Amino acid sequence: MRQGPILILGAGGQVGTELRRTFADAGELVAWDRRIADLSRPEELRLLVRQLQPAVILNAAAYTAVDRAEVEPEVAMTINGDAPRVLAEEAVKLDALLVHYSTDYVFDGSKKMPWVESDETTPLNAYGRTKLAGEHGIQSVGGKYLIFRTSWVYGPHGHNFLRTMLRLGQDREQLKIVDDQFGAPTSSSAIAEATRTIVDKVKLATPEYGVYHMTCAGETTWCGFAQGIFSQHQQQNGETVPQVIPIPSSEYPTPAARPANSVLSNDKLHAHFGIALPDWRSALLATMKKIGSECAERK
Ligand SMILES: NC(=O)c1ccc[n+]([C@@H]2O[C@H](COP(=O)([O-])OP(=O)(O)OC[C@H]3O[C@@H](n4cnc5c(N)ncnc54)[C@H](OP(=O)(O)O)[C@@H]3O)[C@@H](O)[C@H]2O)c1
């Protein structure tokens, strides 16, 4: 791989934050957030990347507000669809590796088994359509790219289901949570660590570039995820936790439709890179311990 800086885009997001930590000792690291590199202005982004001449681009920036994307699909398309293609074009010119993240929401949820990379993509919502456009944009350019589709991302910082549950659990006795959508909660740190391992491997040997699924192992529903969170919270803190009541999606309508099954098979990732992310329960435990110790440090 060519020598040069490693560029992280979306450095303030969940995955971006963990990438900064995980790549801290990987060489010259340049971390840009939206204030420096705005993906809604792809041509400005192009010039910034051209000036920096990174050897690796880790693109963790995205328009991730799934429901809001229904009402502003054009903005989401520029950030999720157009900007990744521009990054791929610049990566090819620089002979750089482009790592990009995509989503389980490219699938319609109709399959009964875990989805594999070659399955047909039929997104149910605007966010999924814009992320799929980003994948297609990168693929149309080609070059050295890895697209990692992940799912149900959470971590100690940012907006995510884990933090929402912990906040709501403070003053609610009951929480009704959807129990008919299946997926794999995936911690931002597990994604960042897997990415680091893979980038290190790419330095030594040319991989098969393309799309890979990258999620924590196992599967659950949002309700199962909530139960896992509260059971761990109770063990850690001894506090009373709310009763989690399973409901069907029909009782919790959202502007954007979600797939019923978005569990992704990670077999390709394992076969090509020899890695597997931890089971979602152990990744959750590790994240909640981290949140606990950060809280203790602040006191
Ligand atoms: N979150 C999930 O559940 C999930 C599921 C599947 C796949 N993914 C994918 O995983 C990747 C990482 O997501 P994440 O969970 O880390 O999301 P996140 O926490 O929402 O982070 C996304 C980052 O992108 C930044 N961003 C948004 N618009 C931007 C713009 N115009 N220019 C530059 N930066 C911009 C955000 O900045 P601001 O904070 O300033 O808005 C934020 O720092 C994304 O590709 C996402 O599509 C996420």
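Every read-out reported here was derived from the displayed coordinates using simple, explicitly stated rules and does not represent laboratory data. If you're wondering where the values come from, they're calculated on a predicted model, not measured in any experiment. All Cβ positions, glycine included, derive from the backbone under ideal geometry; neighbour counts span all protein chains shown.
Give me the base-10 log of I(q)/I(0) for the range 155-299 at each q in 0.13, 0.16 Å⁻¹, Debye formula, one uniform scatterer per Cα, rounded to two decimals. Once normalised to I(0) and log-transformed, intensities are -0.67, -0.94. If the segment from residue 286 to residue 51 were pulled out straight at 0.36 nm per residue, it would be longer than the present Cα-Cα gap by 80.7 nm.
Each residue of the range 230-240 was assigned a 3J(HN,Hα) from its phi angle through the Karplus curve 6.51 cos²θ - 1.76 cosθ + 1.60 (θ = phi - 60°); the sequence is 6, 5, 5, 4, 5, 4, 6, 10, x, 8, 5 Hz, with glycine and proline shown as x.
Given the -39500 (n - 2.57) contribution per DSSP H run of 4+ residues, what per-residue ellipticity at 222 nm results for the chain, rounded to the nearest 500 deg cm²/dmol?
Numbers: 10 runs with 120 residues, N = 299.
The per-residue figure over the chain is -12500 deg cm²/dmol.
Maximal additional length on extending the residue 113-residue 34 stretch stands at 24.7 nm, based on 0.36 nm per residue less the C-alpha distance.
Sort 157-165, 23-31 by packing, meaning the average of other beta carbons within 10 Å per residue, with the highest value first. Please list the in-between numbers first.
Values: 157-165: 17.6, 23-31: 14.7.
Result, highest mean first: 157-165, 23-31.
Equivalent ellipsoid semi-axes for the chain, as square roots of 5 times the alpha carbon gyration tensor eigenvalues: give them largest first, rounded to whole Å.
31, 22, 18
Each Cα pair under 8 Å and six or more residues apart adds its separation to the average, and for the chain the resulting relative contact order is 20 percent. The share of C-alpha pairs in the range 99-164 whose separation exceeds 20 Å stands at 36 percent. Rounded to the nearest Hz, the phi-derived 3J(HN,Hα) couplings of the range 130-135 under the Karplus curve 6.51 cos²θ - 1.76 cosθ + 1.60 (θ = phi - 60°) are 6, 5, 5, 4, x, 4, where x marks glycine and proline.
Between the C-alpha center of the range 76-150 and that of the range 196-223 there is a gap of 14 Å. The relative contact order of the range 64-213 comes to 28 percent, based on Cα pairs under 8 Å that sit 6 or more residues apart. The charge dipole of the range 118-214, taken about the Cα centre with unit charges on the Cβ atoms of Lys, Arg (+1) and Asp, Glu (-1), comes to about 360 debye, rounded to the nearest 20. Sorted on the mean count of surrounding Cβ atoms within 10 Å across their residues, most packed first, peptides 184-192, 86-94 read 184-192, 86-94.
Using the C-alpha gyration tensor of the range 1-129, what are the square roots of 5 times its eigenvalues, in whole angstrom, with the largest one first?
Working: eigenvalues 143, 58, 40 Å².
Each semi-axis is √(5λ); the values are 27, 17, 14 Å.
When the listed pairs 144/203; 201/268; 176/289; 131/176 are checked against a 18 Å cut-off, the alpha-carbon distance exceeds it for 176/289; 131/176. Looking at the range 213-286, the GluC sites (Glu not before Pro) that sit in a DSSP loop and have at most 11 other Cβ atoms within 10 Å of their own Cβ are 239.
Give the dimensionless ratio obtained when the Cα radius of gyration of the range 43-84 is divided by 2.2 N^0.38 Å. Please list the in-between numbers first.
Numbers: Rg = 12.4 Å, N = 42, 2.2 N^0.38 = 9.1 Å.
That works out to 1.37 for the range 43-84.
Annotation: amide H of residue 145 within the under-5 Å range of 98, 210, sequence separation 5 or more or interchain, hydrogens built in the peptide plane.
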